[in-house]
Amino acid sequence: MDKVKNRWLIAASAVGVHISIGSVYAYSVMTLPLNQLHGWQKSDITLAFSLAILFLGFSAAFLGRSVEKMGPRNSGRLAGILYTAGIMGAGIAVKLGSLPLFLLSYGVIGGIGLGVGYITPVSTLVKWFPDRRGLATGMAIMGFGFAAMIFGPIMAKLFQIMEIWQVYFVLGAIYFCLIYGSSLYLAPPPEGWVPPGYAAQGQQSAGRTLKRDLGQYTVAEAIRTKRFYFMWLMLFINITCGIALISVASPMAQEVIGLSPMQAATMVGLMGLFNGGGRIGWASLSDYLGRGRTYMAFFLIQICAFMALTTTTSHLGFQCLIFIILTCYGGGFSTLPAFLGDMFGTKQLGTIHGYELTAWGIAGMVGPSIVTRVLEATGSYTMTLYIFTGFLTFAFIVSCLLCMDLRQIRRRMFLEQQAAGETS
């Protein structure tokens, strides 16, 4: 009998993949060097980032089934090849001075690599950690959040010591080694495997019994349920509000409460810390608090935080509110796979997760657009904050409806189980 892999090393491998692709969050480090080199407009340079997020979401959805069929090892290799091709293609575009090629390489090809790499380890982790789903997915997706803190300074230093196009080739080689090497250990658990000390769902033994999923759904079955769309709306709103705040955090801090550019830059760096910390913290807490209650907490906390931002004048208070919002933003990503596993099982979790991530792709375009348009129309951030507070209030109502729906389903399952026991 083959030796069972160490599930903690599986988690470490997942972190390796996500730290690599999460470097996309350090994209802003590239903006000024590219602007100075070729005179490309900052809005055009930023478009490559928006395209990457858009294609991340939609490639995760449309390639989810292929990722499931290929298995985590092969799909991890594919992610490494695509993301590396996108980064190195961007280097060629910089060398040639071609903005369209840059958008195609970084935004489209690199974005597809991001989508494949993002979902590759997630369903595998959920299967290896049925007892700690939140902790497991939180660890991997934490890597995505912390990546900017790791690669941002590396990129900045590389831009100082070598030509810009060369930096992309160096980064591409680093990412390829990390993603490809990490994917070699990724594999699903053996059929019927459960953690030591646990009994499988629906089985009785002296060990603890794993919490029962609501079913084992295909993606076609999942998208016919209310809870799939409830979850999509909640994710969309959480990301829209969070990514909008990220996009204007520095100028907002300077214009609203008078932080200096250096203080604002420091705040932006710390935002990455709270984004990553929120991913592991909230996801781990959801194992005990419950996924539905965790999302309700996200929205209640952010409603209060966004409202408080409209009136605060304190430097410390403003930054604390921003950091709190960022923990909820990151926590929404990391708690999602575990929540989907609870609701739809692990049969086609990667594909279902990919479909839900289309919310990310759309929110990445919608959130910053709302901020800039409202700011141009009103000259103030206050109206934007009120709009997002309204969004979050709606999301809280949706989360309550989702929890009610799940409670009814669990009650029905309990009654059916009781009736089956009496019959037998």
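The values are calculated or read from the model by the stated rules, or taken from the named source; none is laboratory data. Small disclaimer: the values here were computed from a predicted structure and weren't measured. Please note: Cβ atoms are built from the backbone with ideal geometry, for glycine as well, and neighbour counts cover all protein chains shown. Surface areas here come from the heavy atoms of the whole protein model, side chains and all, with no ligands, DNA or RNA. Shrake-Rupley method; radii C 1.70, N 1.55, O 1.52, S 1.80 Å.
The single condition from (1) within 30 Å of ARG212 (Cα to Cα); (2) not in a helix (DSSP H, G or I) that THR311 fails is (1). Just to be sure, is THR335 modelled with pLDDT of 90 or more, buried (at least 20 other Cβ atoms within 10 Å of the Cβ), closer than 14 Å to GLY134 by Cα and not acidic (Asp, Glu)? It is true that THR335 is modelled with pLDDT of 90 or more, buried (at least 20 other Cβ atoms within 10 Å of the Cβ), closer than 14 Å to GLY134 by Cα and not acidic (Asp, Glu). Of all residue pairs spaced 6 or more apart or on separate chains, those with beta-carbon atoms under 6 Å, a first member in the stretch 251-270 that is within 17 Å of LEU326 (Cβ to Cβ) and a second member that is at pLDDT below 80 are ALA264/SER250; VAL268/SER250.
Within this structure, THR84 fails the test of being among the β-branched types (Val, Ile, Thr) and free of Cβ contacts under 8 Å to residues at least 60 places away in the same chain. Of all residues in the stretch 146-173, those satisfying the criterion of being free of Cβ contacts under 8 Å to residues at least 60 places away in the same chain and surrounded by fewer than 17 Cβ atoms within 10 Å (Cβ to Cβ) are PRO153, ILE154, LYS157, GLN160, ILE161, MET162, GLU163, VAL170.
Residue pairs whose Cβ atoms lie under 6 Å apart, separated by 6 or more positions or on different chains, with the first residue in the stretch 105-117 and at pLDDT below 95 and the second outside any helix (DSSP H, G or I) and surrounded by fewer than 24 Cβ atoms within 10 Å (Cβ to Cβ), are VAL116/LEU63.
Of note, TYR295 satisfies the criterion of being of a type in the set (Phe, Trp, Tyr) and buried (at least 18 other Cβ atoms within 10 Å of the Cβ). For the stretch 86-100, the set of residues classified as of a type in the set (A, V, I, L, M, F, W, C) and over 17 Å from GLN41 (Cα atoms) consists of ILE87, MET88, ILE92, listed by residue number.
Could you tell me whether PHE176 is open to solvent by 50 Å² or more (accessible area, probe 1.4 Å) and closer than 22 Å to ALA79 by Cα? Yes. Among the conditions (1) more than 21 Å from the chain's Cα centre (by Cα); (2) in a helix (DSSP H, G or I), TRP40 misses just one, which is (2).
Here ILE237 passes the criteria (1) over 30 Å from ILE92 (Cα atoms); (2) surrounded by 16 or more Cβ atoms within 10 Å (Cβ to Cβ); (3) at pLDDT below 95 except the one numbered (3). Just one of the numbered conditions (1) closer than 27 Å to GLY138 by Cα; (2) open to solvent by less than 20 Å² (accessible area, probe 1.4 Å); (3) of a type in the set (Phe, Trp, Tyr) is not true of PHE102: (1). Residues in the stretch 304-326 that are of a type in the set (Val, Ile, Thr), open to solvent by 30 Å² or more (accessible area, probe 1.4 Å) and modelled with pLDDT of 95 or more: ILE324 only. Scanning the stretch 258-272 for residues that are over 10 Å from ALA148 (Cβ atoms) and of a type in the set (A, V, I, L, M, F, W, C), we see that the one that is surrounded by the fewest Cβ atoms within 10 Å (Cβ to Cβ) is MET262.
Any residue at all in the stretch 116-131 that is outside the structural domain of ARG279 (by the TED database), among the aromatic types (Phe, Trp, Tyr) and outside any helix (DSSP H, G or I)?
Yes.
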